[in-house]
């Protein structure tokens, strides 16, 4: 409706030129006339005055309005705050017909003002539209601006018809563009709703939607992708679509089936196009996040459907993306795939794991830790034994091939056996149907699952071992690492994974694995022994993790292997000293305490004593959380090893239990040679003075453990728990025990506190009175001067002002005389 | 009571009797002043005067030439005048106290105060206890205090008169009032106030006292010269009781005092502090509250202002606060807990979000000074009071702080944290493990081959090291020295504990490694020396403890282990430690010569004996005062220029 009105708008007449000076002069004239009434008649005087005034004001307003119109158009591109101004601009005077100087009446102006407003409003609403950022539009706007500027120039040159029309044209163009996009949006919405309402009959619409999403406008594309995602998520069936073979197509089918077939094929082709588009779009930075989000959602929602492979490939590729959002999305999707295997029967899991293995291989283990971290969320059914897997595999294969045969053969069977065959056929068809059903519903048989699981496992361990091997390669870390600190980004999650799935590791690999771990755990030592550059540097946390993993592996395999873990313990004994809080992860250390010391079933008194002593010493040097973890372990060890409680007693000469080494060697690297049994845990006395009450109390509780009576001490906290508790507390600042309890009781009353600071100086004498006198005098003089200064200044100002006024006065006088 | 009257700002002027000798003949004191007058303003004034003369002449000529112009000018001036007046009123509506009093005072405006008059008054007041003379004197005092801002009251003839009025009144007000009130004790306590209010003459004297108090307050807010203020403050300390009679004025007085304490130079600061202390300690406890909160706010804002810190002054302020807090530990420990938990909240916010803003807030002098303050407070009082929870919270906070900023640029802050921990450990007599914190610093330095030293840097004056210093040798040196000192201090605390050998085990291992890798010879030697000393002590303790027969759970015997040797101060490690401290002090002295920034490292010496030592305020502070520059009050300056 806006357009129609605009067509009717007549070009506005240029306002008559009214130079301001003249107006002023005319005012004076009027005054003059007023004063000298004899020169003019009263009536004429009054008339001209009022008319001129009225007319000039209106004309002024007109001019302003016109200019503001142009200005507005320029400005509205820059800032979207035009509304108030427009509201101000609409002068009530404009609502009335206006008579110009030459006596013409203007009605049109009234319609024009709101028009302009509407335009601007439209412009606003569109430009406010979120996500409407596109290059083409910006260009267009720039063009508009230019054109408008020209239009303005032309208007100044009093060419009136054309600029107006041009401006209108531009606006129209702008409008059509906006409208087009708007209409596209509507269309998308309409099509989408229709599809969701009745997918079978409206399946054609999906192609239209695809078309729309090929639009040049980024916003439209994004909207299109998103609405398509919603549609697909909703209408994709719970089974995999198999397009009919040619033979099948030739067969006569009912209308319903035909319709169904058509529906399925359309859906499939559209889906294919959509997925391809997504895969293509994720390369472009503009669409990357949207495309990845769509891919992830699809993969999580319909992992059973066709084209899963391409979805998976795209998602896994992004699993170690630099973009945090993208990476997180992909990881979550993959993890959801792992945890919801019911949706796809484990197929997707195998594929994903294989792809991750490929990725790790391709990137030479230089990926984001998240990409391996996801493997930790895998779950394996331990009831399915591994050894049977090959059988199961072959069996299923046989079955499948049989089925295939059954499917192809029935036509070539001679007639005389028809009945039999028919029977067979019936039974076969039944089998077939049930097989199909099984395939469709993914109610798997155990063999299938076993096969899938073993494949997954092998891929997982392939990845893990690859990472371990990579970490072991000397010199590699220094060469290829992107950052010095994170030269083995994947090692930590990999070790965690090995620890978690250690019970599934094939025993054949075990020895190899242990060798690897041993080497890795000792890598730091090597670097000290040899020159720095020869070996890869692992951090203390990583080495600790290796030790932990070794213990875990052994424990999980029920110590089936007779591998001595002694070496790991020695490593650990020395690693404790290299721990730096802040740099290394305390959690790992606490976990190591738990796994290697508390859970260890082997009892070696000498070694236990060595660890007890070392941990006690350790807790003297580090923060409260670490101390706590260490002390908890000490307590555990003391509970398990009764004889070690000799450490708590000061038996002269090390007592009866002292081993071969009669004196404690604190700097020994081998726990068995430290002679710790000969030492006394004096540390506890200092720890009882620890500022942290928890450490204090555990130290005193340890010190009161008794050698003689073998009572059972219960302690329910593990070192890890203790560590976490204290470090958490350190972060959240919950003081142990409420503050009110420790209200400040006065231990010793002293009512009169002497003033210490400055009391010993007698300030009375310090400040010399004469000095003060002088200062005061200066102060007084200064104040007086300032006062004087102020007075003089104001006087001066007044005088200068008067002088300046004289100029003014002269001018006025001249004017009067003129 | 009369609190309502106190609150109103209307009056400070007292109606005078005609009984005392009035205006004497004005001896021309001009000559005297001309000699002194040498301020920048007088020169300027002269110039302006000359300009003015020229302009005036011009104007006169014009006026003569065109009589109509003068008429025009007059009409213009009238209109301008009214406008201006309105302006001024709206401007000064709130700034001046004496607006209402103006009108009735104007009648007295003409009275000229000469030296002789003042002297007579003083004489009369002092010898005859003449109340009427006192009134006149107080009026004169009032106009002297207000001199320069508003021309109210009397006109003061010359500077000598001005000095006489102020000096006499300030010095003798206390005696005079007490004499008139016939108060017995010279002490000012809460009871004295009651006595004062009961005194028979109180009602008649009250307006006089109030006028004095009010004028003094005005003076304190106006004058900026340190000497004058110090003088006033020392004198006012005696007559605090009179301030106390007017609670609302008291509040303002406290505010002014605290401001002077925080911003003033050392003597002034000390004087103001003494006044604050008196207020807080002697009078009712609600003043303690006000004082404490005002002082804390001033302290924090002060530490925000002085980015390149005047460390000495901040330390002085801190010690003042600690002493103030110690007046009522109960009360102030509540404040301390609140403050520490606020700091802790900020810290955990910073840890969780890792925002730049949070980090900036934490690594600021406000934050650090606050922590410092409470550390001092705790260590000053922990032996006498049960401050365990506060103690614990503070340590947790400091530990967190130390680990929050691992980078070498934050070593200064870290060293501060370590220093605090050591300090707390000493005063709290508890064990705080900090060896690994120190060793981290020592280990970091290794291998960092520094460039040639640019400027020497004082790490006590920064929290975060400027980037260009990071590889400088001086910084490395400084860090190394400080770290060794702190480690030595830590060891010294437990050098006679039975488990010293075990305490030293891990640090020794790491120190040896450091010694191996360090390339700079001087630092190497230092580490070596520490290692040797520690080893020696280890052997010593080891030998001693091999001889004992008690077990770890026999706490009493453990505690008495080697106590005798410890008190003898001749143990090798104690001696070593003392030498380290001496060296540190020497080094700092040396550095102070090189660097302009003031530095107080002798503070560390205090740490050896955690028993507090009175922090002597240096009075012999050079008073480099430029009275002229000082007296330029901002308001004035903006007005004038």
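The values are calculated or read from the model by the stated rules, or taken from the named source; none is laboratory data. A quick note: this is a predicted structure, and the numbers were derived from the prediction, not measured. Here the Cβ positions follow ideal geometry from the backbone for every residue, glycine too, while neighbour counts run over all protein chains shown.
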Does residue A:189 satisfy the criteria of being exposed (fewer than 14 other Cβ atoms within 10 Å of the Cβ) and either assigned to a helix (DSSP H, G or I) or touching a strand residue (DSSP E or B) at 6+ places or on another chain (Cβ under 8 Å) (or both)?
yes
Checked segment A:209-218 for anything under 14 Å from residue A:187 (Cα atoms) and surrounded by 15 or more Cβ atoms within 10 Å (Cβ to Cβ); matches are A:209, A:210, A:212, A:213, A:215
Condition set under 25 Å from the mean Cα position of the chain (by Cα) and either farther than 14 Å from residue B:396 by Cα or more than 9 Å from chain A (Cβ to nearest Cβ) (or both), scope segment B:341-357, selection surrounded by the most Cβ atoms within 10 Å (Cβ to Cβ): answer is B:343
- Do we have residue B:138 as modelled with pLDDT of 75 or more and within 22 Å of residue B:233 (Cβ to Cβ) here? yes
When segment B:429-447 is checked residue by residue, the ones that are modelled with pLDDT under 85, farther than 18 Å from residue B:404 by Cβ and surrounded by 16 or more Cβ atoms within 10 Å (Cβ to Cβ) are B:442, B:443, B:445, B:446
The condition of being touching a strand residue (DSSP E or B) at 6+ places or on another chain (Cβ under 7 Å), facing another protein chain (nearest Cβ under 7 Å) and either under 30 Å from residue B:334 (Cβ atoms) or modelled with pLDDT of 75 or more (or both) holds, among A:747, A:756, A:731, only for A:747
Given (1) at pLDDT below 80; (2) within 11 Å of another protein chain (Cβ to nearest Cβ), residue B:338 misses just (1)
Just one listed residue, out of A:620, A:544, is part of a helix (DSSP H, G or I), closer than 22 Å to residue A:674 by Cα, modelled with pLDDT of 80 or more and touching a helix residue (DSSP H, G or I) at 6+ places or on another chain (Cβ under 8 Å), and it is A:544
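Yes or no, residue by residue, for (1) more than 13 Å from chain A (Cβ to nearest Cβ); (2) in contact with a strand residue (DSSP E or B) (Cβ under 9 Å, 6 or more places away or on another chain):
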position	(1), (2)
B:254	yes, no
B:264	no, no
B:273	no, no
B:278	no, no
B:288	no, no
B:320	no, no
B:329	no, yes
Of the residues in segment A:164-181, those that are surrounded by 15 or more Cβ atoms within 10 Å (Cβ to Cβ) and within 18 Å of residue A:222 (Cα to Cα) come to A:177, A:178, A:181
(Q) Condition check: within 10 Å of chain A (Cβ to nearest Cβ), in contact with a helix residue (DSSP H, G or I) (Cβ under 7 Å, 6 or more places away or on another chain) and crowded, with 22+ Cβ neighbours inside 10 Å. Does residue B:401 satisfy that? (A) no
Within segment A:237-264, of all residues that are surrounded by 15 or more Cβ atoms within 10 Å (Cβ to Cβ) and out of contact with any helix residue (DSSP H, G or I) (no Cβ under 9 Å at 6 or more places or on another chain), the one farthest from residue A:313 (Cα to Cα) is A:263
Margin query: Tell me whether segment A:590-601 contains one or more residues that are buried (at least 23 other Cβ atoms within 10 Å of the Cβ) and within 14 Å of another protein chain (Cβ to nearest Cβ).
Written below: no
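To keep it simple, each residue is scored yes or no on (1) modelled with pLDDT under 75; (2) at the interface with chain B (Cβ under 7 Å from one of its Cβ atoms).
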position	(1), (2)
A:768	yes, no
A:772	yes, yes
A:778	no, yes
A:786	no, yes
A:792	no, yes
A:798	no, no
A:801	no, no
The one condition residue B:507 fails out of (1) surrounded by fewer than 18 Cβ atoms within 10 Å (Cβ to Cβ); (2) touching a residue at least 40 places away in the same chain (Cβ under 8 Å) is (1)
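Count, please, the residues in segment B:549-567 that happen to be outside any loop (DSSP other than H, G, I, E, B) and over 15 Å from residue B:537 (Cα atoms).
Summing the residues that are outside any loop (DSSP other than H, G, I, E, B) and over 15 Å from residue B:537 (Cα atoms) in segment B:549-567 gives 8.
Per-residue answers, yes or no, for (1) closer than 30 Å to residue B:134 by Cα; (2) modelled with pLDDT under 75; (3) within 42 Å of the chain's Cα centre (by Cα):
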site: B:47; (1), (2), (3): no, no, yes
site: B:54; (1), (2), (3): no, no, no
site: B:60; (1), (2), (3): no, no, no
site: B:67; (1), (2), (3): no, yes, no
site: B:70; (1), (2), (3): no, yes, no
site: B:73; (1), (2), (3): no, yes, no
site: B:81; (1), (2), (3): no, yes, no
site: B:90; (1), (2), (3): no, yes, yes
site: B:103; (1), (2), (3): yes, yes, yes
Scanning segment A:346-366 residue by residue, those buried (at least 20 other Cβ atoms within 10 Å of the Cβ) and outside any helix (DSSP H, G or I) turn out to be A:346, A:365
